[in-house]
Amino acid sequence: MTKSALITGITGQDGSYLAELLLSKDYKVYGLRRRTSVPILENIEHIKDEIEFLDGDLLDAGSLINAVRISKPDEVYNLAAQSFVGTSWDQPVTTGMVTGIGTTNMLEAVRMAKPDAKFYQASSSEMFGKVVETPQKETTPFYPRSPYGVAKVYGHWITVNYRESFDMFACSGILFNHESPRRGVEFVTRKVTDAAARIKLGLQKELRMGNLDAKRDWGFAGDYVKAMHLMLQQDTPDDYVISTGEMHTVEELVEIAFGHVGLKWRDYVVVDPKFVRPAEVDLLLGDCTKAKTKLGWELEVGFEQLVTMMVESDLKKLGKGQEISSR
C-alpha cells in the first residue's frame, strides 16, 4: 500500500530534497504551500507535477486541520519556519510565532485530524547556542543565543510534550548546519560560494563577512533528509542529533570556495562588523553516534565536496545568466 506524506516547507532546501526522496520511494507527497504573489518553486520545479499542493499557513490552525484531513498522511514532516538567524533578530515576534507556535498548530492539527500519523519536527543545533559541552548530543542542555534558537527550543519541547501527553509518534531531528546548492543565498555557506563564483566571473569585487572564526558542523542536506525519513520508520519515536562530527571555521569555508576557482580569498574578503551577530554562537559540533547506531544512518558527502559542489552550481547558474545577458 502506498504511503502518503505531508511536508510543510516543501519549497525550501530540506523540503525539496525530502520530497525527492519520498517520491523515489513511491510515496504520495502533499506539500503545504503558503500563498505568495509569485510562487516560489525553484527548488521543486523538476518535481512539482508529482506533488499535490495544499494551501495553508502555520499560523492558521484551520488551514492545517483541513490539509491533514485532505492528505490523510501516514507521515508529517514539519520543516516550515522562519529559519534565518539574522532575520530572527529583526523579526523576533514573527519568528516566535511561526517557528514556535506554528509547530504547536501543526501538532494540534495532526492530533485532531490524524492522530496515528507519525510526526517529524525540524529541530536545530542553534538550540545549543552557547554550548555547555562539546560535542553536543541529545542530552546536552539547550542555551539558545537568538530568537530563532529560542523558538526552536519551544518547538522541540512542545513536540516532546505531545509525544508524552497524547501518545503520539512525534520526534525531533536536531540537525546541525546542512547545506546544498539549494540553500538560500542569505546563509553564510551559499553567500560565500555565490560570491566566489561572482568574483571569478567578474560580477562582484569583494565579499563582506562577519566572524570568520565561528566554528560549525556542516553537512549535506541530501544526506540529512534520509535521517528524517529513517526516524519515522522506527517502532518508537525518539529524538536524534544529525551531524557530521567534524567542525570547520568560516575561514576554512571561504578558503575552499575561493581556492576552487583559483582565487586567494584574502584579496577579496572584508570583515564587516555589520554582519556580526548581537550574541554570537562560537562553535557547534554534533555527536551523531545515536543516529548512526539506532537508525543505521550514514554520511555520503564530506565538507570539501559539499563546498565545491555548491561553487560549481553557482558558477553554472551565473554563467547561464551571463550568456543570456550577452545575447
Given the conditions (1) surrounded by fewer than 20 Cβ atoms within 10 Å (Cβ to Cβ); (2) touching a Phe, Trp or Tyr at 6+ places or on another chain (Cβ under 8 Å); (3) touching a residue at least 60 places away in the same chain (Cβ under 8 Å); (4) not in a loop (DSSP other than H, G, I, E, B), which single one is not true for V225?
(1)
State which residue is nearest to D213 (Cα to Cα) when the search covers only the range 231-250 and only residues that are in contact with a Leu (Cβ under 9 Å, 6 or more places away or on another chain) and surrounded by fewer than 17 Cβ atoms within 10 Å (Cβ to Cβ).
T249
Has the range 191-208 got at least one residue that is among the polar types (S, T, N, Q) and assigned by TED's automatic domain parsing to the domain that holds Q82?
no
Determine if the range 31-43 includes at least one residue that is part of a loop (DSSP other than H, G, I, E, B) and within 19 Å of L232 (Cβ to Cβ).
no
Step by step: first the residues of the range 280-307, then only those that are β-branched (V, I, T) and under 18 Å from Q13 (Cβ atoms), then the one that is surrounded by the fewest Cβ atoms within 10 Å (Cβ to Cβ). Which residue is that?
V301
Check on I174, assigned by TED's automatic domain parsing to the domain that holds S313, touching a residue at least 24 places away in the same chain (Cβ under 8 Å), buried (at least 17 other Cβ atoms within 10 Å of the Cβ) and not small (G, A, S)
no
Count of the range 178-222 residues which are within 29 Å of K294 (Cα to Cα), under 13 Å from the mean Cα position of the chain (by Cα) and outside any loop (DSSP other than H, G, I, E, B):
6
Show me the helices (runs of 4 or more DSSP H) entirely contained within the range 79-128 in which 3 or more residues are crowded, with 22+ Cβ neighbours inside 10 Å and touching a residue at least 40 places away in the same chain (Cβ under 8 Å).
102-113
Which residues, counting only those in the range 29-41, are over 19 Å from G62 (Cα atoms) and touching a residue at least 24 places away in the same chain (Cβ under 8 Å)?
V29, I40, L41
Looking only at the range 6-30, and only at residues there that are part of a helix (DSSP H, G or I) and more than 16 Å from the chain's Cα centre (by Cα), the one that is nearest to L79 (Cα to Cα):
L22
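The values are calculated or read from the model by the stated rules, or taken from the named source; none is laboratory data. Not measured: the values here are computed from a predicted model. Positions of Cβ are backbone-derived with ideal geometry, glycine not excepted, and every protein chain shown enters the neighbour counts.
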